[in-house]
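K.L.:
Below is a structure I'd like to ask you about.
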Amino acid sequence: ADEQPAECSQCPICLGCIEDAAYMVVCLQPFCFACIKDWARSRARCPLCRQPFDLLMHSVQADNDYKEYVVPFQQLSTMQPLTHFPHPVGWGRKSEKKK
């Protein structure tokens, strides 16, 4: 059977053992670095706590020894205003003037 070792931390995205751990700066939740980078391409919110993020810590060796990954601006789609939304009924119609 494909049982995970007891010391394996599970990635909430792929459900496998975390590989090349990355941590959310906003909540310190760990993920596989590749998984959370892929996740950020479509939504820059933590999959668990839903907080928006624009920075990840990875290659963590110690409290002050890690690399940062900045989510590119165009990937911060969940933090941008909606570009399409339903208009109220009658919006955009010319109003009729009463005589």
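K.L.:
For Gln75, which of the numbered conditions (1) at pLDDT 85 or above; (2) closer than 22 Å to Pro12 by Cα fails to hold?
P.N.:
(1)
K.L.:
Name the residue that is modelled with the lowest pLDDT, counting only residues in segment 1-24 that are within 16 Å of the chain's Cα centre (by Cα) and of a type in the set (A, V, I, L, M).
P.N.:
Within segment 1-24, the subset within 16 Å of the chain's Cα centre (by Cα) is 11-14, 21-24.
Restricting the remaining residues to those that are of a type in the set (A, V, I, L, M) gives 13, 21-22, 24.
On the way: Ile13: 95, Ala21: 94, Ala22: 95, Met24: 90.
Filtering first and then ranking leaves Met24.
K.L.:
On the given criteria, is Pro30 surrounded by 15 or more Cβ atoms within 10 Å (Cβ to Cβ) and at pLDDT 90 or above? Can you show your working first?
P.N.:
Working: surrounded by 15 or more Cβ atoms within 10 Å (Cβ to Cβ): yes; at pLDDT 90 or above: yes.
Considered against the rule, which asks whether it is surrounded by 15 or more Cβ atoms within 10 Å (Cβ to Cβ) and at pLDDT 90 or above, Pro30 comes out as yes.
K.L.:
Same structure again: Pairs please, first residue from segment 41-67 and at positive phi, second anywhere and assigned to a strand (DSSP E or B) and surrounded by 13 or more Cβ atoms within 10 Å (Cβ to Cβ), Cβ atoms under 7 Å, 6+ apart in sequence or on different chains.
P.N.:
Taking only residues 6 or more apart or on different chains, the pairs are Ser59/Tyr66.
The values are calculated or read from the model by the stated rules, or taken from the named source; none is laboratory data. All of these numbers come straight from a predicted model, not from anything done at the bench. Every residue, glycine among them, receives a Cβ derived from its backbone with ideal geometry; neighbour counts consider all protein chains shown.
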